[in-house]
Amino acid sequence: MMRPVSRSPLPLVLVLLLALGALNGCAAKKAAQPAEAPEDTGYPQIADPLEPWNRFWFGFNDVFYMGIGKPFSKGYTTVLPKYARDRIENAYSNLLFPARFMNAILQLRPDKASRELGRFIINSTFGLGGLYDLAAADPNMKPQRLDFGQTLGVWGMGHGFYLVLPIVGPTSLRDTVGMAVDATAQPTTYIDAPYVLTVGIGAVGRINRLPEMLDIYEEIKRASLEPYVASRDAYAQLRARMIQEALKDAWVKTGSQPQQ
């Protein structure tokens, strides 16, 4: 009996990385032209050549979030108490350990890698498979944010350009590739589990985080006259801060200036 050919996302990832490098180079050349350079506001900048397209999806997402996401979120939090949602979040976060561990190593942050490994061991055993985040009881073992888009930024790759994805929301070309790479690091992608299982786990994790995401989104809307610009700027600042922190921790400095 012939074995089915296993799925391998590596060729697609390599193509995306090559495309990202080319487009990032084009964006850098364009940014070097004085006439088109953005104003120096003191805040991280991100190129937005697809602004009309991004604004369309921003509007679509706004309708979706407020018309469908918010009512669903209210029902979800009513049916599932915070205790149950915390258990889901802990288990989902524990499942994503391989991606965070990989990125800590690639960012040359062995302290973060050892912390991730310690968290995974403690929570997977005494925490009943990650349902309980017992490691967080130690202030030095709190959850960490590590992703491949951040890793690319640490190694000098810029955003490329800003993107607003349907439902997902603000991102960039670099960070979209990062999300794809992080997805391949999920255990279900390399143990030959059904594809629907990978999608289902990701969907459950995102749905569980929806209430918090909507709270942040609504706060941005309330505090700004131009929500699209505010959302874009907040995203650029967040990513720049994450990369700056990573560069401070890295054992080997990968560049003198962090790429936003």
Would you calculate the volume per residue, in Å³, of the smallest convex hull containing every Cα atom of the range 36-180?
151
How much solvent-accessible surface does Val196 expose, in Å² to the nearest 10, with a 1.4 Å probe and all protein chains in place?
110
For Leu165, other-chain or 5+-apart residues with amide H closer than 5 Å (H placed, Pro excluded) are Thr171
Per DSSP, the loop-located trypsin sites (Lys or Arg not before Pro) within the range 71-176 having at most 13 other beta carbons within 10 Å are Arg145
Would you mind checking the pairs Lys82/Lys112; Lys112/Lys221; Lys74/Lys142; Lys70/Lys142; Lys82/Lys221 and listing those with alpha carbons more than 31 angstrom apart?
Lys112/Lys221
Sequence-separation-based contact order of the range 59-136, relative, with Cα cut under 8 Å and 6+ spacing, percent
29
Could you pull the accessible area for Tyr195 with a 1.4 Å probe, rounded to 10 Å²?
150
Taking θ = phi - 60°, what integer Hz values does the Karplus form 6.51 cos²θ - 1.76 cosθ + 1.60 yield along the range 84-101, in sequence order, with x for Gly and Pro?
5, 5, 5, 5, 5, 4, 5, 5, 5, 5, 5, 5, 8, 3, x, 5, 5, 4
Compute the relative contact order of the range 115-260 as a whole-number percentage, counting only Cα pairs closer than 8 Å that sit 6 or more residues apart in sequence.
24
Probe 1.4 Å - accessible area at Asp133, Å² to nearest ten:
40
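The values are calculated or read from the model by the stated rules, or taken from the named source; none is laboratory data. The structure presented is a predicted model; accordingly, all values stated were derived computationally and were not measured. All Cβ positions, even for glycine, are placed from backbone atoms using ideal geometry, and neighbour counts span all protein chains on display. In case anyone asks, the SASA skips ligands and DNA or RNA and just uses the protein heavy atoms, side chains included. Shrake-Rupley method; radii C 1.70, N 1.55, O 1.52, S 1.80 Å.
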